[in-house]
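FYI, it's all coordinate maths here, none of it is from the lab. Small disclaimer: the values here were computed from a predicted structure and weren't measured. Neighbour counts are summed over all protein chains in view; Cβ atoms, including those assigned to glycine, are modelled from backbone coordinates with ideal geometry.
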Amino acid sequence: MSVSSAWVLETARLRMTPVGHQDLPDLIRLKADPRAYALMLGGVRSPVQVAEELAQDIRGWGEHGHGMWAVRTRRGEFLGITALMRRPDERGTALRFAFYPEARGVGLAREAASAALVYGHDTAGIRRLIAVAREDNFASRQVLSSIGMSHISEFYRDGNLLFVYQSIRSEHPK
């Protein structure tokens, strides 16, 4: 699969590229780190799980034109991931992000999530995007609100209250 240049996103400080085999070592470290991945759906992952997910993520880009981006600084330092992916609970296509704690608190998650949200609506043509955050994950909830997503509902999973956010675009650019 060749990577479409339309799939590569650049912001003032970040370069976001669709994940590929070259990202496997970075993804294994991120997804095994409970500081970065414990609150994600499914929690921390084993190296085998990460490799299996990467194969699905690569296939997803080819099938849907959206998926998971590796988020790096403009100099190439891996910071985390941002994604647009179908939720297994059929709630819709969800905006997801996970960053190392060292990359938090300076607006990088907001910058990446905002770029992915715009891409989802304007390039991928997804009318409704959602995001889910635990009630106690104030940082993620703040990011979602700051990029214009609205809190619309809640549900419980594994004893945790989760907040659902959404962004809807009524028209798509031609």
message: Can you report the number of residues in the range 41-50 which are exposed (fewer than 15 other Cβ atoms within 10 Å of the Cβ) and either assigned to a helix (DSSP H, G or I) or under 17 Å from the mean Cα position of the chain (by Cα) (or both)?
response: 6
message: Out of everything in the range 119-132 that is without any contact (Cβ under 8 Å) to a residue 60 or more places away in the chain and buried (at least 16 other Cβ atoms within 10 Å of the Cβ), what residue ends up being farthest from the chain's Cα centre (by Cα)?
response: H121
Count of the range 68-85 residues which are at negative phi and surrounded by 14 or more Cβ atoms within 10 Å (Cβ to Cβ): 12
The one condition in (1) at positive phi; (2) outside any loop (DSSP other than H, G, I, E, B) that K31 fails to fulfil: (1)
query: Can you name the number of the only condition in (1) assigned to a strand (DSSP E or B); (2) in contact with a Lys or Arg (Cβ under 6 Å, 6 or more places away or on another chain); (3) of a type outside the set (K, R) that V143 fails?
result: (1)
message: List pairs: first residue in the range 93-109 and touching a residue at least 60 places away in the same chain (Cβ under 8 Å), second residue among the hydroxyl-bearing types (S, T, Y) anywhere in the structure, Cβ distance under 6 angstrom, at least six positions apart or on different chains.
response: A98/Y37
